[in-house]
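I have placed the structure first, in the form of structure tokens, so that the comments after it can refer back to it.
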Amino acid sequence: MTTPITSGAVSTVEHTIARKRSEGGGALIGYLPVGFPTLTDSIDAAVALVANGVDIIELGLPYSDPVMDGAVIQAATQQALANGFKLRHGFEAIRAITAQVDAPVLVMTYWNPVLQYGVERFADDLRAAGGAGLITPDLIPDEADDWMSASERTDLDRVFLAAPSSSDARLVQAIEASRGFVYTVSTMGTTGARAGVDAAARILVERLRGVGCTSACVGLGISTPEQVREILGYADGAIVGSALVKALTDGGVQAVARLALDLAAGANNIRPASAPR
Amino acid sequence: MSLRTQPGPYFGDFGGRFVPESLVAALDELTAEYELAKNDPAFAAALMTLHMNYSGRPSIITEVPRFAEYAGGARIILKREDLNHTGSHKINNALGQALLTQRIGKTRVIAETGAGQHGVATATVAALFGLECVVYMGEVDTERQALNVARMRLLGAEVVPVKTGSRTLKDAINDAMRDWVSNVDTTNYIFGTVAGPHPFPAMVRDFQKIIGEEARKQVLDLTGSLPDAVTACVGGGSNAMGIFDAFLDDPDVALFGYEAAGDGVETPRHAATITKGRPGVLHGARSMLLQDEDGQTVDSHSISAGLDYPGVGPEHAWLASIGRATYLPITDDEAMSALRLLSRTEGIIPAIESSHALAGTLELGRALGPEATILVNLSGRGDKDMETAGRYFDLLDEGAEQS
């Protein structure tokens with residue numbers, strides 16, 4: 001039942017990011033929660049993201065106590081839970097999305113659902129469904145031994161977070177533990193659109209580069225093509241979440257598709273194409 | 001090996017730090033500063049001065065023979081944390097963490113509260129130390145503990161009613177954590193119980209263990225021997241850890257924690273985390289937890305806002321796992337009838353939270369018999385609960401008349 005070890009294979013997420021960089025842009029990563037407003041709509045919306053230029057999907061699993069999320073994502077995930085979201089719907093959604101589009105699908109989840117499902121079993125089922133790995137907002141590398149070994153065995157990506165408040169030693173730890181990219185938290189806060197992206201994001205990416213990071217994607221507060229363009233001037237990827245969820249809330253799949261197209265315009269042709277870094 | 005003063009972050013398989021990376025620096029700073037403070041005689045002296053001259057320590061013990069008649073004649077002694085300034089044990093911890101906040105140099109404090117007792121204690125120390133104070137409280141709790149909301153506001157704190165999730169203590173903790181992530185430069189989180197990420201479980205226990213240290217000596221002075229059992233109610237578990245800690249290395253002293261069983265542990269409406277939960281991660285620590293098969297937190301229910309929490313401190317989960325302490329469920333009805341019994345037999349109105357410990361003690365006394373001595377932590381007074389108690393007993397009396 002276990003997936004054979006394929007150690008040494010290149011992460012499709014890293015590969016996608018490197019390709020976008022070599023083409024003169026950067027990766028656009030779009031977040032949507034599974035099951036909002038319905039399971040079908042969330043699948044269609046994720047497919048629409050990719051069809052309109054999003055490079056990597058971050059699929060959120062709704063959780064009862066999402067401490068890293070602001071009001072927009074809280075409301076959406078609470079509704080998904082009220083509608084009866086179960087973890088198996090997450091795997092169904094990954095299957096349905098990866099059957100239709102080629103983009104890597106990372107799953108964003110708080111830790112307790114994975115723990116209850118069983119870390120090894122979760123890794124096997126995620127791999128079998130076609131998922132690329134996990135983004136774990138409340139799991140720091142210090143507590144991640146089980147996930148490190150399960151993801152090694154199944155060749156899944158591990159995206160840990162780096163924050164403006166992280167010490168240099170912790171940045172090194174995040175880089176060494178991560179596979180795919182390091183989730184660079186743009187500002188001290190929770191998810192949600194902000195008028196300006198904090199200068200802290202640029203400083204943090206520079207600090208990460210200084211200690212050897214080759215794949216840093218910036219998230220939190222990013223909502224416009226201009227912000228995407230600004231961030232991709234110095235980072236490898238830009239992550240948009242709440243703005244997409246709000247578009248889905250207000251205008252359905254069509255509105256998400258339109259916003260994705262706008263955002264993607266900000267992610268391309270930032271500098272001349274070059275050899276992959 | 002001593003079971004006392006476990007330093008964390010782990011208590012057996014429980015504890016740890018399951019938090020966003022953004023909070024790690026603040027938790028590291030708090031841990032480092034607390035380690036320094038713990039070994040600084042000036043810090044201990046400043047805290048003791050506040051205990052003696054501000055909150056009224058040592059709290060007394062009171063033997064309650066008329067109440068004990070209903071407990072099989074066992075000797076029952078109450079540790080009177082209800083007599084502390086602000087009305088509960090919560091002030092012990094709030095004073096300690098406020099001193100620590102001052103040491104770190106932060107000017108704003110936040111807190112979560114369920115029954116409002118920790119919120120009131122935090123608002124009180126914020127007033128005393130001149131700190132800006134914001135208290136997160138579930139909207140359901142702001143309604144059932146309206147008196148404490150007024151107290152906090154009078155003390156100058158901002159009270160934020162939390163409208164997400166189940167709108168109770170667990171959601172108040174979520175919002176306090178979100179505030180902390182956003183304002184960690186200026187803000188210290190004065191956490192109210194022995195749960196949460198390291199260093200909170202060990203630190204809050206250390207600030208509360210004075211309860212048991214005093215009581216152990218007081219009971220020895222009164223009776224010439226250690227009690228046969230020590231009892232306390234358990235929500236997050238700070239008053240219970242506070243009175244248990246001093247007795248952990250006394251193998252002949254049995255420890256009993258009473259959890260809120262709400263409508264009964266056989267129903268879905270309870271908060272009996274250790275009795276009915278499974279290991280999991282919530283609010284930064286691995287502990288016991290009420291959850292569904294997907295790891296989603298299940299809403300808890302209790303007539304007592306202070307025990308209405310689906311988690312519990314990791315040290316309790318550990319003490320349960322090694323069999324050092326026993327955790328048993330007490331229903332709303334059992335707690336309310338113990339509340340009325342202590343009021344009528346001894347002239348002491350206990351908090352509904354503490355009434356769970358009293359109800360458990362009635363049963364325990366009958367089991368242990370008249371030779372036994374039981375020390376009960378009376379963690380808070382019932383003034384805040386008069387609206388709930390009034391409604392509960394009026395309904396009951398009306399029903400009784402009709403039947």
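The values are calculated or read from the model by the stated rules, or taken from the named source; none is laboratory data. All of these numbers come straight from a predicted model, not from anything done at the bench. With ideal geometry, Cβ positions are generated from the backbone for all residues, glycine too; neighbour counts draw on all protein chains shown.
Some points to look at:
- The residues of region B:1-34 that are within 14 Å of another protein chain (Cβ to nearest Cβ) and outside any helix (DSSP H, G or I), listed by number, are B:GLY8, B:PRO9, B:TYR10, B:ASP13, B:PHE14, B:GLY15, B:GLY16, B:ARG17, B:PHE18, B:VAL19, B:PRO20.
- Test result for B:GLN102, surrounded by 20 or more Cβ atoms within 10 Å (Cβ to Cβ) and either in contact (Cβ under 8 Å) with a residue 24 or more places away in the chain or assigned by TED's automatic domain parsing to the domain that holds B:HIS301 (or both): no
- Within region B:120-140, the residues that satisfy the criterion of being of a type in the set (A, V, I, L, M, F, W, C), modelled with pLDDT of 95 or more and in a helix (DSSP H, G or I) are B:VAL120, B:ALA121, B:ALA123, B:VAL125, B:ALA126, B:ALA127, B:LEU128, B:PHE129.
- On the stretch given as region A:160-172, residues that are within 11 Å of chain B (Cβ to nearest Cβ) and either touching a His at 6+ places or on another chain (Cβ under 7 Å) or assigned to a helix (DSSP H, G or I) (or both) total 3.
- Inter-residue pairs, beta-carbon under 9 Å, first within 13 Å of B:GLN117 (Cβ to Cβ) and in region B:139-163, second of a type in the set (S, T, N, Q) and not in a helix (DSSP H, G or I), 6+ apart: B:ASP141/B:THR113; B:ASP141/B:THR168; B:GLN145/B:THR113; B:ASN148/B:THR113; B:ARG151/B:THR86; B:MET152/B:THR113
- Any hit, region B:215-234, residues being under 25 Å from B:ALA25 (Cα atoms) and in the same structural domain as B:ALA335 (by TED's automatic domain parsing): no
- Hits in region B:145-165 (condition: farther than 14 Å from B:ALA121 by Cα and either touching a Cys at 6+ places or on another chain (Cβ under 9 Å) or crowded, with 21+ Cβ neighbours inside 10 Å (or both)): B:GLN145, B:VAL162
- Top-ranked residue in region A:180-203 [being farther than 14 Å from A:GLU230 by Cα, within 14 Å of another protein chain (Cβ to nearest Cβ) and among the aliphatic types (A, V, I, L, M); ranked as nearest to the chain's Cα centre (by Cα)]: A:VAL182
- Among the residues here, B:ARG4 does not qualify as in contact with a Gly (Cβ under 9 Å, 6 or more places away or on another chain) and either within 30 Å of B:VAL281 (Cα to Cα) or not acidic (Asp, Glu) (or both).
- Each residue in region B:86-117 was checked for being in a helix (DSSP H, G or I) and farther than 21 Å from B:MET48 by Cβ, and 1 of them qualify.
- Scope region A:146-157; condition within 14 Å of chain B (Cβ to nearest Cβ) and surrounded by fewer than 23 Cβ atoms within 10 Å (Cβ to Cβ); matching residues: A:ASP146
- Scan of region A:116-133 for residues that are buried (at least 24 other Cβ atoms within 10 Å of the Cβ) and within 14 Å of another protein chain (Cβ to nearest Cβ), ordered by number: A:PHE122
- Here region A:46-76 is the region considered, the condition is being of a type in the set (A, V, I, L, M, F, W, C) and within 14 Å of another protein chain (Cβ to nearest Cβ), and the residue that is nearest to B:SER22 (Cα to Cα) is A:MET68.
- With respect to the conditions (1) within 7 Å of another protein chain (Cβ to nearest Cβ); (2) in contact with a helix residue (DSSP H, G or I) (Cβ under 6 Å, 6 or more places away or on another chain), A:GLU143 falls short on a single one, namely (2).
- Here A:GLY60 does not fit the description of being surrounded by fewer than 24 Cβ atoms within 10 Å (Cβ to Cβ), within 17 Å of the chain's Cα centre (by Cα) and not basic (Lys, Arg).
- Region A:232-251, subset in contact (Cβ under 8 Å) with a residue 40 or more places away in the chain and more than 15 Å from the chain's Cα centre (by Cα), residue farthest from A:VAL218 (Cα to Cα): A:THR249
- Annotation note: of B:LEU3, B:LEU30, B:LEU23, the sole residue that is over 17 Å from B:ALA202 (Cα atoms), in contact (Cβ under 8 Å) with a residue 60 or more places away in the chain, surrounded by 15 or more Cβ atoms within 10 Å (Cβ to Cβ) and not aromatic (Phe, Trp, Tyr) is B:LEU23.
- Matching residues in region B:175-208 - criterion: being of a type in the set (S, T, N, Q) and either modelled with pLDDT under 95 or surrounded by fewer than 24 Cβ atoms within 10 Å (Cβ to Cβ) (or both): B:SER182, B:ASN183, B:THR186, B:THR187
- Selection status of B:ALA261, of a type outside the set (S, T, N, Q), in the same structural domain as B:ASP383 (by TED's automatic domain parsing) and crowded, with 20+ Cβ neighbours inside 10 Å: yes
Each row is one residue, and each column tells you yes or no for (1) in a helix (DSSP H, G or I); (2) under 19 Å from A:ILE57 (Cβ atoms).
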site	(1), (2)
A:LEU134	no, yes
A:ASP142	yes, no
A:MET148	yes, no
A:ARG158	no, yes
A:ALA174	yes, no
A:THR184	no, yes
A:GLY189	no, no
A:GLY192	no, no
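- Any chance A:ASN52 is of a type in the set (S, T, N, Q) and either under 17 Å from the mean Cα position of the chain (by Cα) or surrounded by fewer than 23 Cβ atoms within 10 Å (Cβ to Cβ) (or both): yes
- B:ALA305 falls short on exactly one of the conditions (1) among the hydrophobic types (A, V, I, L, M, F, W, C); (2) in contact with a strand residue (DSSP E or B) (Cβ under 7 Å, 6 or more places away or on another chain); (3) modelled with pLDDT under 95, and that condition is (2).
- Of the helices (runs of 4 or more DSSP H) lying entirely inside region B:160-254, those containing at least 3 residues that are within 29 Å of B:LYS276 (Cβ to Cβ) and within 12 Å of chain A (Cβ to nearest Cβ) are B:169-183.
- The set of residues in region B:269-300 being more than 14 Å from every other protein chain (Cβ to nearest Cβ), part of a loop (DSSP other than H, G, I, E, B) and either crowded, with 23+ Cβ neighbours inside 10 Å or of a type in the set (Ser, Thr, Tyr) (or both) consists of B:HIS270, B:ALA272.
- Restricted to region A:99-115, and to residues there that are free of Cβ contacts under 8 Å to residues at least 40 places away in the same chain and buried (at least 20 other Cβ atoms within 10 Å of the Cβ), the residue that is farthest from the chain's Cα centre (by Cα) is A:LEU115.
- Filter result for B:THR326 (surrounded by 23 or more Cβ atoms within 10 Å (Cβ to Cβ), under 18 Å from B:PHE256 (Cα atoms) and out of contact with any Pro (no Cβ under 9 Å at 6 or more places or on another chain)): no
- Note on region B:305-323: residues that are surrounded by fewer than 24 Cβ atoms within 10 Å (Cβ to Cβ) and not small (Gly, Ala, Ser) total 2.
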